[in-house]
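The values are calculated or read from the model by the stated rules, or taken from the named source; none is laboratory data. The model shown is predicted, which means the values in this text are computed figures rather than measured ones. Ideal geometry is used to build each Cβ from the backbone, glycine not excepted, and the neighbour counts take in all protein chains shown.
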Amino acid sequence: MYYLYIIYSAGADKYYVGYTTDIMIRLKKHNHQESFNTYTRKYRPWILQGLFRIGEEEKEAIRIERFIKKQKSKALIKRLIDPDFIPVGDLAQLVRVPHVRD
């Protein structure tokens with residue numbers, strides 16, 4: 001199962017969107033692994049703000065991640081992490097996974 005995740009750096013007031021099959025390992029890499037992703041390494045620590053189930057296909061996870069990143073919209077990301085927001089259109093297949101975030 002692939003998941004879309006949104007993490008937040010309070011110190012830098014930045015969001016990062018990615019996809020993974022294991023959110024706990026991925027979050028640990030963003031926060032601790034020295035050789036991992038130079039962008040996220042600069043803004044540690046990261047806090048998980050949103051997690052969505054996408055499906056079994058990696059290509060679909062990549063498509064949705066790219067769609068969100070191409071929007072270059074902090075407002076969209078903030079809407080996605082709002083628990084009352086219901087994704088529609090290209091994002092309609094996202095299913096919120098609340099128990100991991102909460």
Gln93 fails exactly one of (1) among the polar types (S, T, N, Q); (2) surrounded by 16 or more Cβ atoms within 10 Å (Cβ to Cβ); (3) farther than 21 Å from Lys14 by Cβ, namely (2)
For segment 22-42, which residues satisfy the criterion of being closer than 11 Å to Ser9 by Cβ and touching a helix residue (DSSP H, G or I) at 6+ places or on another chain (Cβ under 9 Å)? His30, Asn31, Thr40, Arg41
Kindly indicate whether any position in segment 17-34 is over 22 Å from Asp82 (Cα atoms), at pLDDT below 95 and assigned to a loop (DSSP other than H, G, I, E, B). yes
Only one of (1) more than 14 Å from the chain's Cα centre (by Cα); (2) at pLDDT 95 or above is not met by Tyr8, so which one is it? (1)
Only listed residue being at negative phi, modelled with pLDDT under 95 and over 12 Å from the mean Cα position of the chain (by Cα), chosen from Gln93, Gln71: Gln93
With criteria (1) touching a residue at least 24 places away in the same chain (Cβ under 8 Å); (2) surrounded by fewer than 17 Cβ atoms within 10 Å (Cβ to Cβ), Thr21 comes up short on (1)
Looking at Ile77, is it of a type in the set (A, V, I, L, M), within 25 Å of Lys14 (Cβ to Cβ) and surrounded by fewer than 15 Cβ atoms within 10 Å (Cβ to Cβ)? no
